[in-house]
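To keep things clear, I will list the structure first and then write my remarks on it.
A short reminder: the numbers here are calculations on the coordinates, not readings from a lab. Since this is a predicted model, take the numbers as computed values, not measurements. In this analysis, Cβ positions are derived from the backbone assuming ideal geometry, glycine residues included, and neighbour counts consider all displayed protein chains.
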Ligand SMILES: Nc1ncnc2c1ncn2[C@@H]1O[C@H](COP(=O)(O)OP(=O)(O)OP(=O)(O)O)[C@@H](O)[C@H]1O
Ligand SMILES: [Mg+2]
């Protein structure tokens with residue numbers, strides 16, 4: 001089976017997102033981007049697609065996964081390694097000779113820049129730090145080139161850097177900001193984060209170091225996009241299906257994160273295969289009953305969702321965790337969610353003072369929304385993912 005359920009969707013596995021991609025290519029003409037979104041929503045897949053499509057848009061792009069790194073020196077070394085000068089030169093030479101959109105873009109840039117692409121531009125020196133010489137070399141080499149640097153797991157990296165030495169973190173992000181804001185700079189950055197990137201920056205008073213970046217918040221698929229993906233995937237797998245199957249998968253998943261959609265499809269196909277094996281038949285279409293069986297199977301495997309509760313235990317202080325668990329259990333018990341007022345009222349035993357109670361609730365709700373547990377719409381707080389809601393109710397419900 002070639003449907004990805006966890007690793008990034010690449011090549012023919014990638015579906016939808018046409019509007020996001022086209023918006024991002026437009027943005028890169030004059031902006032850097034902070035790309036954030038709940039876990040598993042497809043951030044890495046979008047970055048990979050940007051990297052793959054870059055040449056046809058007149059960019060040389062590299063995807064740098066910062067997971068596993070935690071110092072300024074390591075980050076700089078990764079940039080250097082991903083963008084060796086000969087590779088950029090080779091690409092520029094070929095791209096200039098070409099025809100079409102990419103070559104047009106490069107020709108326009110050459111005319112606009114006094115020293116041409118790859119010339120030199122005036123840049124402020126990096127701050128006094130051990131890594132300044134390395135930083136300066138990279139900055140002056142890359143600033144005048146049409147390169148796109150796509151950082152994945154930037155929030156994981158930044159969190160490590162902050163916990164190691166907050167002052168260095170501030171120097172590094174401050175320097176990246178002055179680099180981005182210098183005039184005539186051609187390179188662009190995307191900073192993508194899997195865990196509440198905005199929360200992290202705000203919590204550590206670093207959000208102003210990114211206020212020049214376009215705040216791009218990734219959303220779930222539209223129903224039309226999810227159905228088109230499911231139909232393409234079923235075609236690719238050679239599975240006939242009852243006409244109402246794609247719509248039924250969307251109904252059961254609720255919030256259309258492509259990950260949950262794929263997860264349910266894969267499990268429904270397994271259920272269908274078992275059904276066929278039991279009946280000794282083959283080639284019968286996938287049905288909505290198979291989808292419902294697949295849904296139950298997903299919920300039965302506790303390990304599939306257990307990291308959602310483990311992550312809360314890791315990220316929240318004891319008091320906040322108590323509030324979060326109360327809120328999640330209350331919301332999971334109601335298919336239509338609860339209002340903010342109803343939820344705050346349920347915390348009376350945790351925090352008797354009404355003002356402190358409301359404040360603690362707001363802080364926790366913010367975290368739970370940033371990390372994709374809950375969503376608020378028309379004053380009702382609910383789980384966007386029906387699968388997660390049902391899992392939570394069965395395993396953490398009261
Ligand atoms: N455009 C897409 N087309 C098809 N499937 C997708 C797409 N985007 C995401 N997915 C599905 O979501 C899963 C996770 O995607 P991806 O790794 O890109 O998400 P992420 O936001 O980077 O996750 P994390 O927060 O864990 O880093 C994929 O395995 C795939 O099932
Ligand atoms: Mg990712």
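Between 354, 144, 285, the Gaussian network model of the chain with springs among Cα atoms under 10 angstrom shows the greatest mean-square fluctuation at 354. If you sort the three axes of the alpha carbon gyration tensor as a ≥ b ≥ c, you get a/c of 1.5 or more for the chain and a/b no higher than b/c, which makes it oblate. Which whole-number percent is the relative contact order of the chain (Cα, under 8 Å, 6+ apart)? Relative contact order, the chain: 18 percent. Approximating the spin labels as points 7 Å out from Cα along Cα→Cβ, the residue 26-to-residue 219 distance works out to 1.4 nm. Of 200, 113, 264, the residue with the greatest mean-square motion in the GNM of the chain, using alpha carbon springs below 10 Å, is 113. Axis angle, to the nearest 10 degrees, between helix 154-164 and the longest C-alpha principal axis of the chain: 80 degrees. Residues 60, 204, arranged from fewest to most other Cβ atoms within 10 angstrom of their Cβ, appear as 204, 60. Between helix 43-53 and the chain there is an angle of about 40 degrees, using the helix long axis and the longest principal axis of the Cα atoms. Ranked by the mean number of other Cβ atoms within 10 Å of their residues, highest first, the peptides 12-18, 359-365, 79-85 come out as 359-365, 12-18, 79-85.
In the chain, the longest principal axis of the Cα atoms and the axis of helix 72-82 are about 80 degrees apart. Dimensions of the range 223-300 from C-alpha coordinates, computed as largest minus smallest value along each principal axis and given longest first, are 35, 28, 17 Å. Centroid-to-centroid, using Cα positions, the range 374-395 and the range 320-364 are 14 Å apart. Note on the chain: GNM, Cα springs under 10 Å; of 11, 37, 247, the largest mean-square fluctuation is that of 11.
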